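The values are calculated or read from the model by the stated rules, or taken from the named source; none is laboratory data. These numbers come from a predicted model, not from an experiment. All Cβ positions, glycine included, derive from the backbone under ideal geometry; neighbour counts span all protein chains shown.
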């Protein structure tokens with residue numbers, strides 16, 4: 001193998017890994033925000049599925065990719081309101097409620113697909129953005145600056161969310177409520193309103209993640225996410241509830257996926273071992289989660305309902 005060909009393969013693998021990391025990053029950022037406020041949402045995968053179908057069907061009908069993204073976000077926001085009402089107003093157990101959202105999303109997305117589409121029909125994804133100068137750079141340009149707008153939105157949200165969490169009063173309130181809602185409440189912070197907003201925004205990002213996945217693949221099918229939402233939840237723990245850590249975890253997962261795909265393409269992995277190799281990203285994530293999660297403490301009030309004066 002020549003050096004130029006090896007470089008080409010490495011560049012393509014890294015670029016692919018960044019694209020594959022995008023849905024995980026969007027969903028993980030949203031879940032990290034919710035967990036920071038003390039609310040766990042195991043229904044991320046279901047929200048992604050509904051967002052994916054909504055975006056896909058919208059693009060089929062309107063031929064407008066941006067409408068698809070907006071519909072995916074809107075579906076996530078709507079489910080966020082519903083989930084917030086269940087967990088905050090009705091004080092339902094968060095784990096059970098989240099699984100219910102997941103099962104609802106899994107079944108409803110398939111039902112809607114069968115009723116309104118039936119046979120999978122492809123849609124055209126976003127084309128890579130041509131960034132002046134940067135996209136033309138050798139090696140670096142192809143790896144980092146020849147992606148679709150969804151990729152730039154996802155990675156652009158990392159510094160935005162970091163700023164919100166660590167540099168704004170709203171972010172301080174979220175972190176305070178996730179650690180000690182009683183103390184935050186005594187200082188005049190509305191625990192209910194802050195958690196409501198965090199849950200709704202987090203689900204909106206999960207809906208966007210599903211929309212990004214469907215549009216990037218250009219298709220929708222039953223269980224399109226294939227449990228990506230649960231991996232996104234694990235990546236929140238891997239990233240120690242910080243946007244930067246979540247981004248690193250998403251990139252690791254995406255790059256491992258891309259490497260496995262390249263190995264399959266070039267026959268490095270035999271067909272008999274292809275199913276085992278496909279599990280590699282999940283296995284590596286679990287191992288990393290076991291090692292990293294022990295070093296960081298989760299928000300103290302995570303999964304604990306709060307009743308004022310209770």
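Return the only residue of 212, 198 being in contact with a helix residue (DSSP H, G or I) (Cβ under 9 Å, 6 or more places away or on another chain), farther than 30 Å from residue 114 by Cβ and buried (at least 21 other Cβ atoms within 10 Å of the Cβ).
Exactly one of 212, 198 is in contact with a helix residue (DSSP H, G or I) (Cβ under 9 Å, 6 or more places away or on another chain), farther than 30 Å from residue 114 by Cβ and buried (at least 21 other Cβ atoms within 10 Å of the Cβ), namely 198.
Taking segment 230-269 as the region of interest, how many residues are at pLDDT below 85 and at positive phi?
Total satisfying the criteria: 1.
Can you give me the number of residues within segment 53-86 that are over 21 Å from the mean Cα position of the chain (by Cα) and part of a helix (DSSP H, G or I)?
So the count comes out to 5.
How about segment 114-132: which of its residues are in a helix (DSSP H, G or I) and either under 22 Å from the mean Cα position of the chain (by Cα) or within 15 Å of residue 62 (Cβ to Cβ) (or both)?
116
Tell me, which helices (runs of 4 or more DSSP H) wholly within segment 139-222 include 1 or more residues that are touching a residue at least 12 places away in the same chain (Cβ under 8 Å) and more than 28 Å from residue 11 (Cβ to Cβ)?
The qualifying helices (runs of 4 or more DSSP H) are 149-167, 169-179, 181-186, 191-217.
With under 21 Å from residue 297 (Cβ atoms), in contact with a helix residue (DSSP H, G or I) (Cβ under 7 Å, 6 or more places away or on another chain) and not in a helix (DSSP H, G or I) as the only criterion, which of 42, 33, 29 stands out?
42
Take residue 84 and tell me if it is modelled with pLDDT of 95 or more, over 25 Å from residue 222 (Cα atoms) and surrounded by 19 or more Cβ atoms within 10 Å (Cβ to Cβ).
Here the answer is yes, as residue 84 does meet what is asked.
For segment 225-238, give me each residue that is assigned to a loop (DSSP other than H, G, I, E, B) and either buried (at least 21 other Cβ atoms within 10 Å of the Cβ) or touching a strand residue (DSSP E or B) at 6+ places or on another chain (Cβ under 6 Å) (or both).
225
Got a number for residues in segment 150-163 being surrounded by fewer than 18 Cβ atoms within 10 Å (Cβ to Cβ) and touching a helix residue (DSSP H, G or I) at 6+ places or on another chain (Cβ under 9 Å)?
5
Among the residues of segment 45-75, count how many are in contact with a helix residue (DSSP H, G or I) (Cβ under 6 Å, 6 or more places away or on another chain) and free of Cβ contacts under 8 Å to residues at least 24 places away in the same chain.
Matching residues across segment 45-75 total 2.
On the basis of being surrounded by fewer than 19 Cβ atoms within 10 Å (Cβ to Cβ), under 26 Å from residue 87 (Cβ atoms) and either in contact with a strand residue (DSSP E or B) (Cβ under 8 Å, 6 or more places away or on another chain) or at pLDDT below 95 (or both), does residue 186 make the cut?
For residue 186, the condition - surrounded by fewer than 19 Cβ atoms within 10 Å (Cβ to Cβ), under 26 Å from residue 87 (Cβ atoms) and either in contact with a strand residue (DSSP E or B) (Cβ under 8 Å, 6 or more places away or on another chain) or at pLDDT below 95 (or both) - is met.
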